[in-house]
Amino acid sequence: MPDNTVSIPIRQRPTQFAGQPLADCAPKTINSLYLHIPFCAHKCHYCDFYSLVDRQDRQEAFLNRLIEELRAVAPLAGPLDTVFVGGGTPTLLATHLWGRLGAALHQFFDICDETTEFTVECNPETASESLFHSLRHAGVNRLSVGMQSFNRTHLKTLEREHNPENVPRTFEQARCVGIANISGDLIFAIPGQTLDDWDQDLDQAMSLGLNHLSAYNLTYEPATAMTARLETGQFTPCPEELEIEMFNHAAARLANDNFERYEVSNYAQPGHACRHNLAYWRQHDWLACGPSASGHAAGHRWKNIGRLDTYLNNTQNGFAPITDHEEPDPARAVRESIMTGLRLAEGLDKSLVLLQSENALTGSAARLESEIRQANEEGLLTDTQSRLVLTERGILFADGLAGRLMTCVL
Amino acid sequence: MDRNLIRNFSIIAHIDHGKSTLADRLLQATKAVSDRESKAQLLDSMDLERERGITIKASAVTVMHMHNGQNYMLNFIDTPGHVDFGYEVSRALKACEGALLVVDASQGVEAQTVVNAYLAVEQDLEMIPVLNKIDLPGARPDEIAMEVEQVLGLPAEDCISVSAKTGVGIPELLDAICEILPPPSPPKSDKTRVLIFDAIYDDYRGVMLYCRVFDGRLKVGDKIRMMGMERTFLVTEIGKNTPKPVKVKEVGPGETCYVVAAIKTLGDVRIGDTITLDNNPADELLAGYEPAKQMVFCDFYPATTADKKGGDIEEMREAIEKLAINDASFTYQAVHSEALGFGFRCGFLGLLHMDIIQERLEREFNLELVQTAPTVSYEIVVRGKGGELTEREVHNPADLPDMGSVVEIREPICKVEIMLAKEYIGDVMKLCLDRRGVYKSQVYVSDTREMFNFEIPLAELIYDFYDKLKGLTSGYGTMDYEVVRYQADQLVKVDILINGEPVEALSLITHREKSEARGRVLLQRLRKQIDRHQFEIPLQAAIGGKIIARETIKAYRKDVTAKCYGGDVTRKRKLLEKQKKGKDRMKSIGSVNIPQEAFMSVLDVGEG
């Protein structure tokens, strides 16, 4: 799973390293690992994740440094429940380097094909049989394919350079090597896209035999080419009404194939929800390696510095230089669990949230309860079976509502 | 000091016509300052004054000058140039017997020169017209002298041509000051009467009074009584700015000086007051003291910042109190606005005065201010329950009583002088008529220039009139105004309703004919500032329940981030928390969250 770009002052010597937050962690307690591979063949216009347009010459150096970092963090990892390799374009990493990465992972960590969900993000354009072989050999058992759309016009609008016709082949190749667990990403509300177009994208995706789908409403992130083009009037954005129709249509259409919306933008057949992402949303701990990867452990949050050369040239006993370090703060932790938990179909454990909130900030539980009651009256939230769950309408207003509830613990 | 050898005078000039440079040149010529010490514009002590090229605070400088074998004492009393400071000008002029009327020999007589000259005439001052900047290639001293005669009625041949820059004509001007300007009139009694024409606060000595002695004497050690304030103090120091401060033991009739008297705060002093001796008091105050009349009002609120919940009202109170004492001509009272919290409603002599106070609060006191758009002071006539009529002053539309009881609203009308080149006459006429102006007269100034006289409501002038005038005349038109009377007109109160709820802080008083356009502009601004909500928000402008304009803020239908993964948590959390902080600064009216900026944009000057 990719991480966002951080901007850091150029050429400033880093002073903080991941060893600092991780010093608070007990050994063998963290069960998720995220790796960031910062290479791309081309920067898609909607993307704000940290990536460098392919630098083959840096791949080897990067991998050496990554392995050094993995070695440093490994003592904190228990048996790994999930591994997620995001980017960038992880499948752009050379086949032989994947071999070395796999070997290192297995050397340092407790990874088991039966119990570890090991996902790699994949650009269909980079797929090849030999690559999939080395992925599988490295332990990969789940693929997340960036399909985005099957419509060439819309892919062009996104400046996403892949040939939609290659997508089915990617699935075949993956299955051939034994990676059966495949997820796909789609984007909707692309300028010019109709509800019909969107329906066709969903149909095509379903025909590939996925068991998991992420359907993202196109977001105009600051400082992306897409946003610049929007602001200079190069296209008309999708009307809000249509966005909502598309959003609702996805849920209805995917339900036909026994997909449940388990998070705002994520759908899965029973038993196939992405466990790695659930770890994020349930506020579990995870280790993070590679430039710009974000970690969360023992109440700390931090982010590896995003510049590749800073990452390559700075190490502290193998740990990566970090930025945006946040010390443990129980109230913040409650706010974060509200923010991510509300987005899940399973919602939040009401009494647990109230308890944690009151422990973190006296008087906050009462405020929270009253806000919950009000949201309930507004038809945004239900609290059946002692869980707080957004209603259909509530999902559309998840941010505002999360903000209101978080405010109670601020 | 022989009273007959004293000359007290002011210099009156339009901005940039070289008043301060001339003053400095005079100081230099009298050897009061060496060439080395002579930095530009000694008299203007505040940065702000120097930047704006105007003098805000009057100050007095005393120099000695040999003329015809006699040693004259020349007291320069600097005056604020702008008519906004008519009150300060009048106090300073009261301390004088004469004035130098300075006109730029290339620019000619400007509107401001005219208005200030009228003030000097009212005070019976002897005037010496001075044509400055004759060294400039564009100087036309002969033509400008004719303008002076045409417009001000001072004989053209009386004009003295100088260049403050090169020093040409300065000796002649000094001679004229000694010969033409009259000495102070003889004292009317030996009971001490001293006019306070200015006061400043000095960090080391406390309050320093700037004074002019009319009758009797004042000595160090005297117990003095402020006749108006009825307070007594002990004089600890008397001195003169030469311009360096020089202590003296005593002063007599006709002299100017500063006085230190262990006065702790400027609140103990009223400018315009008369000082007498406690043990031998004078019978009555010096005449002519008029309290300043505030014509323009606006509110100041401490700006709330993201990290500081609500600005510091106490800090602001301290600053305003300090400033008010330094500038007796602005008023303030604590207010509470439903939109902006606690603040102060301040009254000013005019728009420039308002700008200056705002800038001083920000610069000298490091305050961050939220300033509302100016309004004028209205007189309203209200019919009581028993049918009796009462009159009162209102300078905030929100303070208007139920409009059913309001019989009449009267607004201040200004006499406006506009000086401009002939080719702009048509456009400027149109502007004046647009602003409900009434044409009064036109004066021939020269072959290329005219002076107009219009009567325009002050409420129309404070809406970017000056900017518009400058725009229409390529920057060359000048104007000045003074309020001449209050007059009833078709004035109405426009209510603004957000989601059906009237918002008092946004209501305005305007002319009926302009109400719809003003209302619409206001609603359009409001619409841009208020975020969409989960419901549609009607914005309406209404006069007494009748809707005259309407805008709508569409409901938003969706507020949910598509992606929220491990690396997004911190950024996203901060974003949501920031929204909340933003909400702290918002006012909720009719379940609509209205940001402070919305109030500001609406209250902003100008018609958009």
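Couple of notes before you dig in:
- Model label points for residue A:260 and residue A:298, set 7 angstrom from Cα along the Cα-to-Cβ axis, are 3.6 nm apart.
- Mean sequence separation of contacting Cα pairs (under 8 Å, at least six apart), scaled by the length of the stretch B:325-458, corresponds to a relative contact order of 16 percent.
- Prolate/oblate/rounded label for the stretch B:193-277 (Cα gyration tensor, a/c 1.5): rounded
- Estimated FRET transfer efficiency (residue B:434, residue A:231; beta-carbon r; R0 35 Å; 0.05): 0.45
- Cα gyration tensor, the stretch A:254-360 - rounded (a/c under 1.5), prolate or oblate: oblate
- Computed from label points 7 Å out along Cα-Cβ, the spacing between residue B:364 and residue B:423 is 4.3 nm.
- Of the cross-linked pairs B:94/B:191; B:385/B:493; A:350/B:558; B:19/B:188; B:244/B:322; B:94/B:440, those separated by over 23 Å at the C-alpha level are A:350/B:558; B:19/B:188; B:244/B:322; B:94/B:440.
- Set of the stretch B:505-529 residues, backbone N closer than 12 Å to the point 7 Å along the Cα-Cβ line of residue B:552: none
- Of all beta bridges that DSSP places with both ends in the protein assembly as shown, some 70 percent have antiparallel geometry.
- Reciprocal of mean inverse Cα separation for the protein assembly as shown (Kirkwood radius, Å): 34.7
- Each residue in B:131, A:22, B:458 was given a count of other beta-carbon atoms within 10 angstrom of its own, and listing them fewest first yields A:22, B:458, B:131.
- Per-residue average of Cβ from other chains inside 10 Å of A:324-335: 1
- Just so you know, the Cα atoms of the stretch B:378-488 work out to an Rg and Dmax of 17.6, 61 Å.
- With contacts taken as Cα pairs under 8 Å at a separation of at least 6 residues, the stretch B:129-211 carries a relative contact order of 20 percent.
- Tail beyond 38 Å, pair distance distribution of chain A (Cα, percent): 20
- Working from the Cα coordinates of chain B, the gyration tensor eigenvalues give, after taking √(5λ), semi-axes of 48, 29, 25 Å in decreasing order.
- For the stretch A:29-183, the Kirkwood estimate of hydrodynamic radius, built from reciprocal distances between every pair of different alpha carbons, is 16.0 Å.
- Shape call, the stretch A:182-302: gyration tensor on alpha carbons, a/c limit 1.5: oblate
- Counts of other chain beta carbons within 10 angstrom of each beta carbon in peptide A:389-400 average 3.
- For the stretch B:87-168, a Kirkwood hydrodynamic radius built from all Cα pairs, placed in the Stokes-Einstein relation at 10 °C and 1.306 mPa s, yields a translational diffusion coefficient of 123 µm²/s.
- Between residue A:251 and residue A:15, the distance separating the two model label sites (each 7 Å from Cα on the Cα→Cβ line) works out to 4.8 nm.
- Estimated FRET transfer efficiency (residue A:207, residue B:489; beta-carbon r; R0 56 Å; 0.05): 0.15
Only the coordinates and a few stated rules stand behind these numbers; no lab work does. Worth saying up front: this structure is predicted, and the values here are computed from it rather than measured. Don't worry about glycine lacking a Cβ; one is built from the backbone with ideal geometry, like all the others, and counts go over all protein chains shown.
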